[in-house]
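*Asks:* Please find one structure pasted underneath; my questions will follow.
The values are calculated or read from the model by the stated rules, or taken from the named source; none is laboratory data. Because the structure is predicted, anything quoted here is derived from the model rather than measured. Quick reminder, even Gly has a Cβ in these numbers, built from the backbone with ideal geometry, and neighbours come from all protein chains shown.
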Amino acid sequence: MRQIKIIVEKHSDGYVAYPLGIKGVIVGEGDTYEQALADVKSAISCHIEVFGEEVLSVSSEQ
């Protein structure tokens, strides 16, 4: 499986996580780092299932 870089940011009301290098908008959130990471991983899996593996191909225009 291809590795995907995920950014997790701490905000005043919790954590937000998002992947880099995937076509489309995918965001995870949670009260803890672990919850946000698990949420975004689930969202990535769903995104790939719905839109296909081609979302992993980053175009040179981005």
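*Asks:* If you take the residues of the range 10-22 that are surrounded by fewer than 17 Cβ atoms within 10 Å (Cβ to Cβ) and not basic (Lys, Arg), which of them is modelled with the lowest pLDDT?
*Replies:* 21
*Asks:* If residue 25 meets every condition in (1) touching a Leu at 6+ places or on another chain (Cβ under 8 Å); (2) at pLDDT below 95; (3) β-branched (Val, Ile, Thr) apart from one, which number is that one?
*Replies:* The one condition residue 25 does not meet is (1).
*Asks:* When you go through 25, 50 one by one, which is the residue that is surrounded by fewer than 10 Cβ atoms within 10 Å (Cβ to Cβ), aliphatic (A, V, I, L, M), out of contact with any Gly (no Cβ under 8 Å at 6 or more places or on another chain) and in a loop (DSSP other than H, G, I, E, B)? Quick ask: steps written out before the conclusion?
*Replies:* Values: 50 fails: in a loop (DSSP other than H, G, I, E, B).
The unique qualifying residue is 25.
*Asks:* With respect to residue 7, determine if the residue is surrounded by 13 or more Cβ atoms within 10 Å (Cβ to Cβ) and either of a type outside the set (D, E, K, R) or assigned to a strand (DSSP E or B) (or both). Break it down stepwise before answering.
*Replies:* On the way: surrounded by 13 or more Cβ atoms within 10 Å (Cβ to Cβ): no; either of a type outside the set (D, E, K, R) or assigned to a strand (DSSP E or B) (or both): yes.
In short, no.
*Asks:* Test residue 38 against the criterion of being in a helix (DSSP H, G or I), without any contact (Cβ under 8 Å) to a residue 12 or more places away in the chain and either touching a strand residue (DSSP E or B) at 6+ places or on another chain (Cβ under 6 Å) or among the aliphatic types (A, V, I, L, M) (or both), and give yes or no.
*Replies:* Considered against the rule, which asks whether it is in a helix (DSSP H, G or I), without any contact (Cβ under 8 Å) to a residue 12 or more places away in the chain and either touching a strand residue (DSSP E or B) at 6+ places or on another chain (Cβ under 6 Å) or among the aliphatic types (A, V, I, L, M) (or both), residue 38 comes out as yes.
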